[in-house]
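The numbers here are math on the coordinates, done by the rules we state, and not lab data. The model shown is predicted, which means the values in this text are computed figures rather than measured ones. Note that each Cβ is placed from the backbone with ideal geometry, even for glycine, and that neighbours are counted across all protein chains shown.
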Amino acid sequence: MSKKIVRKVSLLMALTMMITTLFFGNALVSKSLANEAVNISSIEGVKNIPLYIKDSRLGSINGNTKVTFKNEDGVVREFNSSFDEDLGLYYLELNFDTAGQWKLVNENISSDIDAEEFSVNIYENLNEMTGFSGGYVSTETLENNSSIIGEKLEDLISTLIGYDSTGNYTDVQLGFSGQANTTINVFNNGMSSSITVPENTSLPAGRYNVKVQSGSFTKDITINLLSDYSNIEDLENIEAVSALSGESSLSATVTADRLSGRSRYETAVAISKSQFSNSKYVVLANGQAPNDILVASSLAGNLKAPILITERNALNASIKAEIQRLNASNIIVVGGSSKISSAVINALKAMGKNVEVINGSSDADMSVKVANKALEFKSANTVILSSEKSLPDSLSASALAAKNGYPIIYTGKNAISGVAKSFIKNGNISNVIIVGGDSTVSNGVLNSVKSMGKAVSRVSGRSRYDTSLSIAKTYFNNSSTVGLATGAEFVDSLTAGPVSGLNNQAILLVSNNTLSSGIKDYIKSTGAKSVYLYGGTSWLSEKFRGEVVKYLNQIHNISQTQNVATNPKPTKPNNGKVRILLDPGHGAGSKHNRGYVGPKWKNEGDGNYNYSLLLAKELRAYGIEVATTRDNIYKDPSLQARGRMARGYDLFISLHTNAFKGETSGVEIYEDVNNRAPALTAALTNTISQTLDIPNRGVKHRYYGSNTSGVNPNSNYYGVLRANEATAGMLIEHCYHDYESDVLKYEARADQLAKNMARTIAKYYGLI
């Protein structure tokens, strides 16, 4: 069998037939592994590394789908479908434990497929499959399509799959040199792909030398851009930021963003991604060792690096992928072999990482050894003394530890250990901050430290919640952002210290999903407009997050979703026919991408257009007359033209998705300040939020503001709404397309979302 990978297909709708028609130049010669219903991530792989079969349209794979493969020896393997909560879709994961050729012999996929097309070749290892042992990238899609339309560049490179030395999926880095220099990163795990392009990247048409790298694998190829590529946002659409009374475009917006994942490990990754685009260092600890995680905060803060966590006996796959994304070369492991096994250490070394292990014989000994390491990178004459039995106090202190590089030293309640005492007494320490009241760190310990000639202060409250507030008021009194974590369970927030500290952000503990008066007063005193919730909805509910947003809007005087009950529904038009104009925002291609990470539609303009087709179909089912500002995907009318097309229509809807550094989630609607339909906009935000299971950021009215251009300050900020001539109008930001969970749900549930939105609109107009 050939030792070259024959074909790679990104599962989420990046079909071979699309690739061959989107690009000029030579057609792909490898065999298609996709039809109109399903596709497979690869026809070759390494044993025990998953391949995926996934829907190309909803419904072909369901909860009862299964497939059966047989190899040359007659061995049979059967695989049943699974459900992806984030995507809202069923898929099949193929994981073969034996090398050889496996042929599809039975399936109940709801589509006509050719079994021969889905036979796969499985190899013992990467070297046997590719001829390379240190990593590999199949570059055929680039080499066979060496002449590329600029706006299709991202579509093409998103199909690349990188492998590390073990055959696992890993990042691919493409360095472009020629008329411009830039680096683009792609991660494709066969299930989905994401692409990272530096902001405001522009590649003029011309020839480029591209260095493709993955692990130790490198390959130089040449491509020819037939037209310019750019991801620079069209300023006509977003207007000049300075128009908002001299404030930035974000100044009028408050955010309460959740950082969480499906496990403590994925939550740690989400927290890392919120702050770090790359990092030379990573601090790694056992996810079941909270004291080790918290004591690492000062070290991570001094390194300006994240804390990641893993299981003892195996390097967690999500964590491995995050280490690769960060391009970290140095891993400092907190915990000896009883916490982090040699298997994990060896896995890190196999990735080419420099690994240093810090081990301690007790919590106190570990805290001292981590402190000594932290002080190698940044000196400090102050330490935080915290009870080794009080996780909540140490969590609240972790942000301070990371912010100022103050090591956390563990103590017992009534006695300080010899190793900790020696560190404080004999080191360059002059100040000690005791966290917690006498019930956690006694006055006896306080007096013992004072007897060493050290200046001692205590920061505490009547409860863990009050202690966190006391830390915030004492050390974070000028913060622009606030972190919130439950005070009941700490698995989701243990790694938050470095991110909070580096952002001058206190971590406040929340009791019973209640926005206490103390937290409210603190937020108000800082003037913060940004709040981060560390952890999932099991601990900090969406209802609680909504209360936070409501309070932020209240103290900053930002308009909220209006009361639906006080806004009567409109009567039907005189002729009984409701007319709606849909405006799929932007134009075709990647010009308006702004970090779009969805694998199906690839960029916002195409996504807006394709979704408009679904929504139009569902609206017409209710007898609504529907037209569009873009009658084909390539149309891109001016903003004024789009708004003026709405003359004579009952409703104008401009369809968009949002973006903000991959850090924000949720739906929001900007309603026309002149032609309002508050009952409808409020209902639609609820519909979208519930269908996609994303936060409801509410209905907003955005005014143009003071300007020297002669524009009425009380008119709409957005050009399409300023020009809107329909009876009512709105601009919908359905989700954040640079926030992976949001956009995957949006793309996967688009059909259902269109049905639900159409029903909401029809109900508003009294059609049902």
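Cβ-Cβ distance of ASN127 and SER480, R₀ of 41 Å, FRET efficiency by 1/(1 + (r/R0)^6): the value works out to about 0.20. Shown in residue order for segment 466-483 are the 3J(HN,Hα) couplings computed by the Karplus curve 6.51 cos²θ - 1.76 cosθ + 1.60 at θ = phi - 60°: 5, 5, 5, 5, 5, 4, 4, 5, 7, 10, 9, 8, 9, 8, 9, 8, 9, x Hz (x for Gly and Pro). In this calculation the C-beta distance from ASN610 to SER451 is compared with R0 = 60 Å, giving a FRET efficiency of 0.25.
Compared with the alpha-carbon gap, the fully stretched path from HIS556 to GLU143 is longer by 143.3 nm at 0.36 nm per residue. Judged by the mean number of other Cβ atoms found within 10 Å, the most tightly packed of the peptides 352-361, 391-400, 602-611, 276-285 leads the ranking 391-400, 602-611, 276-285, 352-361.
With each pseudo-label sitting 7 Å past Cα toward Cβ, what's the VAL76-GLU625 distance in nm, one decimal? Reported label-point gap for VAL76 and GLU625 is 6.1 nm. Protection proxy ranking, highest mean first, for peptides 313-319, 530-536: 530-536, 313-319, where packing is the per-residue count of other beta-carbon atoms within 10 Å, averaged. Amide H neighbours of THR182 under 5 Å, counting only residues 5+ apart in sequence or on other chains, H built in-plane at 1.01 Å? For THR182, whose amide H was placed from the backbone, the distant partners under 5 Å are PHE176. Segment 647-694 and segment 612-643 have Cα centres separated by 16 Å.
Taking 28 Å as the limit for the C-alpha separation, the pairs LYS273/LYS543; LYS550/LYS745; LYS273/LYS339; LYS389/LYS524 exceed it in the case of LYS389/LYS524. Under 5 Å between amide hydrogens, built in the peptide plane, is the criterion, and for LYS700 it picks out ILE669, TYR670, GLU671 among residues at least 5 positions away or on other chains.
For the listed residue pairs LYS70/LYS152; LYS320/LYS454; LYS349/LYS425; LYS403/LYS529; LYS103/LYS755, the alpha carbons are over 31 angstrom apart in LYS70/LYS152; LYS320/LYS454; LYS349/LYS425; LYS103/LYS755. Per-residue extension of 0.36 nm, minus the Cα-Cα distance of ASN414 and ASN224, leaves a gain of 61.3 nm for this segment. At a Förster radius of 35 Å, what calculated FRET efficiency corresponds to the Cβ-Cβ distance of LYS543 and ARG462, to the nearest 0.05? Step by step, r from the Cβ atoms, then E = 0.85. Of the peptides 122-134, 378-390, the ranking by mean beta-carbon count within 10 Å, highest at the top, reads 378-390, 122-134. Annotation for LYS103 and ASN346: the two label points, set 7 Å from Cα along the Cα-Cβ direction, are 3.8 nm apart. Bridging of LYS211 to lysines at a Cα separation below 16 Å is possible for LYS219, once same-chain residues fewer than 8 apart are set aside.
Per-residue Cβ neighbour counts within 10 Å put ASP363, ASP693 in the sequence ASP693, ASP363, beginning with the fewest.
Taking label positions 7 Å along the Cα-Cβ direction at both ASN372 and ASN95, the computed distance is 4.1 nm, reported to one decimal.
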